[in-house]
Each structure stands twice: as structure tokens, then as C-alpha cells.
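Input: a single structure, listed below in C-alpha cells.
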Amino acid sequence: MTDHASGVGPRSRELNARTARLFPGGVSSPVRAFRGVGGEPPVIESAKGALLTDVDGREYVDMIGAWGPMILGHGHPEVEDAIIARVRQGIMTGTPSPDEAELGQLVIDMLPSVERVRFVVSGTEACMSALRLARAATGRSKVIKFEGCYHGHGDAFLASAGSGALTFGTPDSPGVPPDVARDTVVVPYNDLAAVRAALESNAGEIAALFVEPVAGNMGLIKPLDGFLEGLRAACDEHGALLVFDEVMTGFRVHLGGAQTLHGVTPDLTTFGKVIGGGLPVGAYGGRADLMAMIAPEGPVYQAGTLAGNPVAMKAGYTTLTVLRREGVFDTIAQATTDLASGLQDAAREAGASCTTVSVGAMMGLWFADEAPTNLREAQATDLDRFRRYHGLMLAGGVHLPPSPFEAWFVSLAHDQAMRERILTAHREALAAL
Ligand code: HOZ
């Protein structure tokens with residue numbers, strides 16, 4: 001164990017006490033609080049490569065990656081230089097800029113189903129906007145989503161929602177009007193029969209089916225063989241649009257997203273995280289005929305003061321440009337596979353009931369003999385063991401997401417030395433559990 005074993009340091013404790021008075025739960029987003037695992041978060045002052053340093057000078061290997069965006073690691077020199085150069089040209093003008101055209105073209109080139117795209121500021125906004133478009137295009141109101149999937153905090157999606165809503169026990173948030181909640185139909189992930197039944201019992205009423213094509217907001221859960229293809233067929237049969245929420249999976253499970261990995265073409269796709277390289281960018285895009293309905297070309301209204309922010313566009317463009325270079329994505333994906341299998345082997349040697357899962361550059365770890373395939377199975381894993389493991393890993397210098405229901409993110413900076421540090425902490429944690 002390192003010197004972290006006594007919990008967070010005095011400066012973190014002091015700042016946490018201060019922010020507890022300033023912010024609900026002491027945080028700017030619920031997932032950052034440690035209520036799902038106990039204890040309190042180290043307050044992070046700086047980040048470089050795969051490492052976070054807290055205000056007490058303690059160092060952690062970062063497995064959060066800003067919840068997805070930092071696929072090249074923190075402070076990648078090309079991304080930093082591009083951001084700084086663009087800042088010097090002006091931070092925001094609220095006019096067209098050349099930077100949005102560069103990133104827009106890249107997204108269209110990388111994602112085969114995206115013929116046109118609109119930039120927004122967050123994944124939440126992207127999903128809300130895509131749903132409005134789907135409703136306008138179909139003239140229908142209802143939406144199907146899956147238990148444990150998270151599509152941001154728009155009202156329509158806060159039903160059996162994943163991520164922080166799941167971690168903190170508010171998957172159906174108060175404040176969502178009952179009429180809105182009634183238009184959201186929830187079915188279990190990986191259950192095609194339930195999807196077909198929902199489409200049949202709401203025949204002619206479902207505007208869209210939203211899915212995380214690889215689920216990452218109830219922990220990492222893979223789609224079963226044929227699931228995504230089955231969704232495509234069922235949506236076609238019932239005239240509903242298929243929307244892939246690739247906020248987490250876009251450019252991370254494959255350069256062309258989960259849709260390329262699985263060879264399934266959605267009507268619309270939503271983006272966030274990697275697309276902004278760590279600055280606030282969301283986007284939605286897809287079929288040209290649908291996107292032509294967006295204002296000012298069409299009647300479906302959606303706007304944003306900071307949308308297409310040139311500094312954020314530059315961060316995203318540079319991140320994707322580096323990521324596309326020969327061998328870069330493959331290196332990160334291989335590091336992810338190696339880490340997941342190393343952790344799995346160590347668990348086997350320790351006789352621990354622990355299963356790792358990985359897809360591209362994201363991974364997950366479950367205290368169970370088999371990887372779950374839906375929310376119910378995820379909730380049946382040993383959640384208490386995860387909580388204790390999380391504390392031990394933090395004490396061993398590894399900062400995992402503070403919930404069993406979040407994916408882990410690997411970056412280009414997770415080289416062998418970093419992976420060894422994670423493996424050492426993991427072996428020690430399993431021995432101490
Ligand atoms: N979508 C992120 C991971 N589940 C959460 C980001 C946040 O809520 O702050």
C-alpha cells in the first residue's frame with residue numbers, strides 16, 4: 001500500500017468540506033461524489049498522461065479519463081498546442097468558424113451513417129435534440145429506452161436511467177412530469193422479445209428507440225450477438241427510428257463507433273466525450289433527410305450560444321486526427337485488452353469471483369463469475385465487494401470511477417508501466433478484501 005491508505009489528505013478534506021456548503025453534494029455532477037462507494041473524493045489539481053495529482057500531492061493512475069473524453073491521455077502535446085493556438089485567435093465569436101467545418105467533416109468521414117451533423121455542447125443536449133427530431137420526423141411521441149442505459153438528464157430519459165441516477169437510487173427522477181414519463185417505454189437490455197412486445201403494444205406510437213450500442217452506464221455490458229441487428233429490424237418493421245447513443249462508444253470502441261464494430265446502421269447517432277477531446281462538445285447526426293428538418297433548414301428548432309465553440313472544435317479535431325493515425329487506436333485497444341486480461345488472471349490466481357470485460361478502449365470489472373448482460377444481473381453482482389475494492393484501489397494509487405455502474409476508460413498514456421501499477425494495486429486489493 002502507498003501513503004494513500006489513510007484516506008484523502010488534509011487539503012482535499014478541507015476543500016470537500018467547503019464545497020459541501022457551496023454545491024449540492026459538494027460536486028458539479030453527481031457521479032463525482034463518492035456516495036456510491038463511501039469516503040470522499042481526492043480533489044484533483046492537475047493531470048498529465050495517465051496520472052492525476054491531488055491537492056495534497058498524491059498521485060493516482062486515472063481510470064476515469066474525465067468519464068470518457070481523454071482517450072489520448074491528459075495533456076497530449078498536440079491537443080494542448082492546438083487549443084492554445086486557437087485561444088489566441090479568439091475564444092468564441094458566435095459566428096461560423098473554419099474549425100467546425102473541420103471537425104464536422106471528420107465525423108462524417110469516420111461514421112458511415114452520419115451524412116450531416118449538428119454540434120451542441122453536451123451529450124445530454126445531443127440526445128434531447130435527437131429525440132425532438134425523431135418525434136417531428138415520425139409524428140409520434142413515445143420513445144423506447146433500456147433499463148440502465150443513460151442518455152443524459154433530459155426528462156424523457158430519466159426512467160430506469162443508468163450512471164449517477166442508478167448509483168444514487170434516482171433512476172426515475174422526481175420533477176419529470178407524469179405525462180412525459182408516460183411517453184417513455186422501458187425494456188430490459190439485450191431482450192429482443194421485450195422490444196418487439198413494446199413496439200407491438202404501442203403500435204404506431206413509438207418515434208424512436210434509443211440504445212447505448214455497448215452499454216457503459218450500468219457498468220460495461222456488451223450487446224449479445226444479434227441484439228443490435230434485431231433492433232434495426234424491429235424498428236424498420238414498426239416505422240420507428242433507431243438512435244445509437246454513441247456518446248460513450250463513439251471513437252472509443254472502434255474509430256467508427258459501435259455501429260461500425262457491429263455493422264448496424266442507425267438512423268441517428270448522438271455524440272459527446274471523445275468528440276470534444278476534453279472540452280464541451282456534443283453532436284447529433286445521421287440521415288441527410290432527417291437532418292434537413294433541423295432549423296434553419298427545416299422547422300425543428302434547436303440552437304445554442306456556445307455550440308460549435310472553436311476552441312472545443314479544435315480540441316476534438318486534433319484528438320480525432322491523432323487517434324486516426326496508423327496504429328494509435330490499435331495501441332489503446334491492445335492496452336485495454338492486456339489490462340483486462342491481466343486483472344482477470346490476477347483474480348483467478350487470487351481465487352476471487354471477479355470478471356473483466358473490454359471493448360475497444362473501454363472496460364469494466366464485476367465481482368461475479370460471469371459478466372452481466374442486463375441491469376438486473378448487474379445489480380446482482382457483489383456491489384459491496386466493489387465498494388471495498390474501490391477504496392483499496394484508491395489507497396493503492398488507482399482512481400477508479402466511484403461506482404460499480406460506470407465503465408473504466410483506457411488512454412494512449414496507459415502504457416505498460418501504468419498498467420503494472422494498476423495490476424499491483426489490484427493484487428494487493430484482492431488480497432486485502
Ligand atoms: N455519462 C457520464 C458517465 N456515466 C457521466 C458524466 C456525469 O454525469 O458527470
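The values are calculated or read from the model by the stated rules, or taken from the named source; none is laboratory data. Small disclaimer: the values here were computed from a predicted structure and weren't measured. Positions of Cβ are backbone-derived with ideal geometry, glycine not excepted, and every protein chain shown enters the neighbour counts. These accessible areas exclude ligands, DNA and RNA; they are computed on the full protein's heavy atoms, side chains included. Shrake-Rupley method; radii C 1.70, N 1.55, O 1.52, S 1.80 Å.
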Descending Cα extents along the principal axes, the chain, whole Å: 59, 53, 47
Candidate lysines for bridging to LYS222, where Cα separation is under 22 Å - those fewer than 8 sequence places away on the same chain excluded: LYS145, LYS273
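Using the per-residue mean of other Cβ atoms lying within 10 Å as a proxy for protection, in what order, highest first, do the peptides 139-148, 347-356, 273-282, 293-302 fall? Let's see the in-between values first.
Numbers: 139-148: 22.6, 347-356: 15.9, 273-282: 26.6, 293-302: 13.3.
Per-residue mean Cβ counts within 10 Å order the peptides as 273-282, 139-148, 347-356, 293-302.
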Efficiency of FRET from Cβ geometry, GLU78 and ALA431, R₀ 45 Å, rounded to 0.05: 0.65
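For the chain, what is the accessible area per residue in Å² when the probe is 1.4 Å? Intermediate results must be reported in sequence, preceding the final value.
Working: 17140 Å² over 433 residues.
Per residue, the chain has 40 Å² of solvent-accessible surface.
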Listed residues LEU209, PHE119, SER12: farthest to the positive end of the dipole of the chain (Cβ charges): SER12
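Translational diffusion coefficient, Stokes-Einstein: compute it for the stretch 212-296 using the Kirkwood radius over C-alpha pairs as Rh, at 37 °C and 0.692 mPa s, and state it as an integer in µm² s⁻¹. Can you show the working numbers first?
Details: Rh = 13.6 Å.
For these conditions, the coefficient is 242 µm²/s.
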Proximal aspartates and glutamates relative to LYS142, as straight alpha-carbon distance under 12 Å, when same-chain residues fewer than 8 apart are discounted: ASP179, ASP183, GLU205
Separation in nanometres of the label points that stand 7 Å from Cα toward Cβ, at ASP109 and GLU14: 5.0
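Using the beta-carbon distance between ASP225 and ARG376 and R0 = 22 Å, what value does 1/(1 + (r/R0)^6) give for FRET efficiency, to the nearest 0.05?
Working: r = 20 Å, r/R0 = 0.90.
Efficiency, rounded to the nearest 0.05: 0.65.
May I ask you to give the percent of accessible area on the chain that is carbon plus sulfur, with a probe radius of 1.4 Å? Intermediate values should be presented prior to the final figure.
Working: 8860 of 17140 Å².
Percent of accessible area from carbon and sulfur atoms in the chain: 52.
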LEU22-GLU45 pseudo-label distance in nm [points 7 Å out on the Cα-to-Cβ vector]: 1.6
Alpha-carbon centroid distance for the pair the stretch 94-168 / the stretch 374-426, whole angstrom: 28
Per-selection metrics, the stretch 41-151 (Cα): Rg and Dmax in Å: 18.7, 56
Equivalent ellipsoid semi-axes - Cα gyration tensor, the stretch 339-383, angstrom: 17, 15, 6
